[in-house]
Structures are given as C-alpha cells and as structure tokens.
1. Work out from phi, with θ = phi - 60° and the Karplus expression 6.51 cos²θ - 1.76 cosθ + 1.60, the ³J(HN,Hα) of each residue of the range 27-35, listed in order in whole Hz, and give x for Gly and Pro.
2. Just to be sure I follow: if Rg is taken over the C-alpha atoms of the range 110-149 and Rh is the Kirkwood radius over the same atoms, what is Rg/Rh?
3. D for the range 9-97, whole µm²/s, Stokes-Einstein with Kirkwood Rh over alpha-carbon pairs at 20 °C and 1.002 mPa s: what number?
4. When the dipole is taken about the Cα centre of the range 51-149, and only Lys, Arg (+1) and Asp, Glu (-1) are charged at their Cβ, what size is it in debye, to the nearest 20?
5. If amide hydrogens are placed 1.01 Å from N in the peptide plane, which non-local residues have theirs closer than 5 Å to the one on ASN8?
6. Looking at the range 117-149, which trypsin sites (Lys or Arg not before Pro) are DSSP coil and have at most 16 other C-beta atoms within 10 Å of their C-beta?
7. Using only alpha carbons, build the gyration tensor for the range 62-113 and give me the equivalent ellipsoid semi-axes, biggest first, whole Å.
8. Go ahead and set up a Gaussian network model of the chain, Cα springs under 10 Å, then flag whichever of PHE107, PHE89, PHE136 fluctuates most.
Amino acid sequence: MKFDLRHNRDGLAGLLFLLFGVFAVVFAGDYPMGAAARMGPGYFPTVLGGILCLFGVYILVRGMRSGERVKGHWAWKPLALIALSILLFGFLLDRFGMVPALAAVFFVSALAGHEFRFKETLLLTVLMGAFAVGVFFYGLKLPYPLFGW
C-alpha cells in the first residue's frame, strides 16, 4: 500500500497537531518549568504541547493505516477569510477596542461559510460580544478597552 500524505485527511491532521505541539514545546523551553504542585510559566505550554504531539502521532499513524484520501479540493476562500479574521482581531483590538474587533471577527468569519445571513450574524455578534464583554472585561478584568474612542 502506497501512502500519499498530501491527500490523506488523518495524515495531514496528525502533522498539524505535531507542528503545533512541537511549536509549543520549543517556545516554552525558555521559561522555567516548575513542578506540578508549583507550576512555572513554561509548565502548561510544555505539557499541552506534549499532549498535542501524542495526539498528532496517534492520528498520523491512524491515517497511514487507513490510507483514506481527502475528498474534494482545498477551500482557499474560507481558509483565507478565517486567517484574515484572526489577524483583524489582533490589529483592531488595541486600536478600536474589544467590541469592534469582535464584530469584525464574526462578520469576516461568517463570510467564509456557504450561506451568509446578515441578521443571524448580527444576532450572533451581539450575543457573543455581550458574553465576551461580561467574561473578559467585567469577570476577568482584562485591561482591554471596550471601544477605542
């Protein structure tokens, strides 16, 4: 059986998990680990990265054994729009505040779907924005402004 990684769904997912896991472990290596009872700043990202690596190896091996091919083609437009929404959030958060940044994320991400409905997206934006403001601004007291003006 010939294994073609480029067209194997589980193989690609396993490699993605491995990539994120190794990334987390490598960049957490600069911080002190500590112990389970007294965790240092590098403990959580290192443990999480290790777990991601284990999942990645498991999924990669499972994909190699099944040999199941990916059906269809890459959806470049949704991939680009989701990545753009994440970059927009990072760019807009400090400049315009949390509420406009979240609104941009929801609307640009909604454009990535097959069906874009303005009213549903607006309702989702209002509800999730209120939830995020309640949790992050009032509950956790994070120092992000709600609006930049």
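Quick note: the coordinates plus some simple rules give every number you see, no bench work behind them. Since we're looking at a predicted model, the values are computed, not measured. Cβ atoms come from the backbone with ideal geometry, glycine included; neighbour counts cover every protein chain shown.
1. Result, ordered by residue: 6, 7, x, 7, 9, x, 6, x, 10 Hz.
2. Working: Rg = 13.1 Å, Rh = 11.7 Å.
That ratio is 1.12, to two decimals.
3. On the way: Rh = 15.6 Å.
Diffusion coefficient, whole number: 138 µm²/s.
4. On the way: 9 positive and 4 negative charges, 59 e Å.
With Lys and Arg at +1 and Asp and Glu at -1, about 280 debye.
5. VAL70
6. Details: sites: ARG117, LYS119, LYS141; in loops: ARG117, LYS141.
Here the trypsin sites (Lys or Arg not before Pro) that fit, given the DSSP loop and packing criteria, are ARG117, LYS141.
7. One finds semi-axes of 33, 12, 8 Å for the range 62-113.
8. Greatest mean-square fluctuation among the candidates belongs to PHE136.
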